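The values are calculated or read from the model by the stated rules, or taken from the named source; none is laboratory data. Note that the structure is predicted; figures quoted are calculated from it, not measured. Neighbour counts are summed over all protein chains in view; Cβ atoms, including those assigned to glycine, are modelled from backbone coordinates with ideal geometry. In case anyone asks, the SASA skips ligands and DNA or RNA and just uses the protein heavy atoms, side chains included. Shrake-Rupley method; radii C 1.70, N 1.55, O 1.52, S 1.80 Å.
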Amino acid sequence: ELCYALALSGLRFWYEDSLRFSHFMPRQRLTEDYARRLFHGLGLASGFEDLYHRQAAAGRAGWMARVRHVAPLRYANAVRLLLRHGLRAVSPTRDVGGRCQARIEMSFFRGRLEGIRASERHRRQFIDRVARWGSPQNWK
């Protein structure tokens, strides 16, 4: 959220190829259960991330980009992807690792569905809260 706030305030970001990051992962974070919970949370947050993208693109994007942010279409796409990964998770032709990955990805799309519903319920409060970060004409 901080990066979105800074970007909506007019600051610019760039990619730095020389930057390196090391991260230690404890053993308990290397399980399917942990990955499923993590991906569910990422999916949940993605519903609110969509609101930032929508507000950042307001007034600049063409009609096609604006259509991508319509809640029923976002929801339908998440359902489509949830079903797709669900089929992969039970497919007898997939290896064990592939089915595990599909279950983890299903967790993301379950969370995404919840996130889209929650973001639409709280959209007005969200806009009011972050309106000061960007140009007021973008917050209709």
| remark: Expected sort for 84-93, 25-34, 97-106, 46-55 on mean C-beta neighbours within 10 Å, highest first, is 46-55, 97-106, 84-93, 25-34
| FRET efficiency for ARG123 and LEU11, using Cβ-Cβ distance with R0 set to 25 Å, rounded to 0.05 | 0.55
| task | Return the sequence-ordered ³J(HN,Hα) values of the stretch 36-51 in whole Hz as given by the Karplus equation 6.51 cos²θ - 1.76 cosθ + 1.60 applied to θ = phi - 60°, using x for Gly and Pro. | result | 5, 5, 4, 5, 4, x, 5, x, 4, 5, 5, x, 6, 4, 4, 5
| request: Calculate one ³J(HN,Hα) per residue across the stretch 13-25 by plugging θ = phi - 60° into the Karplus curve 6.51 cos²θ - 1.76 cosθ + 1.60, and present them in order as whole Hz with x for glycine and proline. | output: 10, 9, 8, 10, 5, 7, 5, 10, 9, 10, 9, 8, 10
| Whether the stretch 1-48 is rounded, prolate or oblate, judged on the alpha carbon gyration tensor where a/c under 1.5 counts as rounded | oblate
| message | What figure, in Å² to the nearest 10, do you get for the accessible area of VAL79 with a 1.4 Å probe and non-protein molecules left out? | response | 50
